Amino acid sequence: MEISLKVAIIGAGVSGLVTARELLREGHRVVVYEKSNQPGGTWVYDPRVESDPLGLDPKREIVDSSLYSSLRTNLPRHLMGLSDYSFTDRVYGDPRNFPGHEEVLKFVKDFAREFGLTELIRFETEVVRVERFDSGDDDEWVVESRTSGASGEEEFQAVVVCTGHYAETVVANLPGIEQWPGKQLHSHNYRVPDPFQNQVVVIIGSGPSAIDISREIASVAKQVHLSSRSPNVKVSNFDNTWQHSEVIIFAAIELQSKWVARVLSGKAILPSEKEMLVDVEEHYRDTADRGVPKHHTHKVHPHEFEYLDMIADLAGVPPVAERIKEIQKHFFALVLSSGPDTKRYRDEWDPNDI
């Protein structure tokens, strides 16, 4: 017998919206909580920055957006769509392979509208508490939310948390940094390079965002120094600089959402809680042995294809199309060989040539 549950989804970004669609397809009743006034999650650009540039003051006004003004994705549009909702079929004014954040946001909003998801969203409603309770027959959940200062509670049979992790800053703990008189800023609060005009800037970190920000700031600063623990980082000068954030391929979000929907419908069975906890501990031991910190648990490269196939199998749906896998393989190989030369694959590479 198929099960129909009342499900709360926290967050109306890409993950929350795709999850809502898949839950509806499985016959569940869905309510989506979104604390902002529009869908899109991490793809909603906000020019504001927080009062604490490092994002450490717990009393600061939180600005969820971590986007830069000139952000473009670090994935071609061929890898940004869903199995039945292609990004390449929709042109939003930018013909390049790597869309800007405005294009992605429009794609997400069009998706929400075309599948009737917008009316399921309770905008400007922040979830402040989720608590499990025993209803007698089964465990259920109470969700407390706040809208315009007024709080309310509602009961659900399942809760899917689809909030991102890009609004929480991670700052290096450097001895003596609190006495340093210069300006300190986390990339979460970076928007445009103008404030760094004629300044000497040190950027800590060598990830994609650090390399991109260093190049953009270099267009106006006196000097830019990129500090990294890795001896293999290469720094080059380019005529153009663009921003991007690290994103998970939309195909993974879709497969994860299908799996969640089938689990709640009783069509897919989870292991026991004990088995899952044992598996988690084994995973942490394995990553620790390989020198991977726990906060990188969500990263699946270089095993992304095995992961996608596993989730598809668990969800009982066809795997990701071979064409998409081929583009992804070619893209990752090109990225690794290009180093900081993002122009090589963002502007000069055409996936249609594969």
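Readers should treat all values here as calculations from the given coordinates under stated rules, not as data from a laboratory. Since this is a predicted model, take the numbers as computed values, not measurements.
Numerical summary
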{"read-out": "Highest-MSF residue in the chain out of 121, 217, 324 [GNM, Cα springs under 10 Å]", "value": "324"}
{"read-out": "The chain - share of DSSP beta bridges that are antiparallel (%, nearest 5)", "value": "50 percent"}
{"read-out": "From phi via Karplus (6.51, -1.76, 1.60), per-residue ³J(HN,Hα) for the range 219-226 in Hz, x at Gly/Pro", "value": "6, 10, 7, 6, 8, 10, 10, 9"}
{"read-out": "Separation of alpha-carbon centers, the range 138-157 and the range 1-75, rounded to whole Å", "value": "18 Å"}
{"read-out": "Helix-only CD estimate at 222 nm, as mean residue ellipticity for the chain, using -39500 (n - 2.57) per DSSP H run (n ≥ 4)", "value": "-9000 deg cm²/dmol"}
{"read-out": "Calculated from backbone phi, Karplus (6.51, -1.76, 1.60) coupling profile of the range 62-70 in Hz, x at Gly/Pro", "value": "6, 10, 6, 5, 10, 7, 8, 4, 9"}
{"read-out": "Shape category assigned to the range 14-100 from the gyration tensor of Cα positions, a/c cut at 1.5", "value": "oblate"}
{"read-out": "Spatially proximal aspartates and glutamates relative to residue 299 (Cα-Cα < 15 Å; intrachain offsets below 8 disregarded)", "value": "246, 286"}
{"read-out": "Relative contact order [Cα under 8 Å, 6+ residues apart], the range 58-169, whole percent", "value": "19 percent"}
{"read-out": "Whole-number percent relative contact order across the chain, with pairs defined as alpha carbons under 8 Å at least 6 apart", "value": "22 percent"}
{"read-out": "Residue among 286, 52, 64 with the largest mean-square fluctuation in a Gaussian network model of the chain, springs linking Cα atoms under 10 Å", "value": "286"}
{"read-out": "3J(HN,Hα) from dihedral phi, the range 283-290, Karplus parametrisation 6.51/-1.76/1.60, rounded to Hz, x for glycine, proline", "value": "5, 5, 5, 5, 5, 5, 4, 8"}
{"read-out": "Rounded to 5, the percent of DSSP beta bridges in the range 103-227 classed as antiparallel", "value": "75 percent"}
{"read-out": "Placed amide H near residue 30: partners under 5 Å, 5+ positions off or other chain", "value": "7"}
{"read-out": "Qualifying lysines (Cα of each under 18 Å from Cα of residue 222; at least 8 residues distant if same chain)", "value": "183"}
{"read-out": "GNM result for the chain, Cα springs below 10 Å: residue of 35, 222, 267 fluctuating most strongly", "value": "222"}
{"read-out": "Spatially proximal lysines relative to residue 258 (Cα-Cα < 18 Å; intrachain offsets below 8 disregarded)", "value": "6, 267"}
{"read-out": "Reported label for calculated Kirkwood radius over Cα pairs in Å given [x] 21.0; [y] 21.5; [z] 22.4", "value": "[z]"}
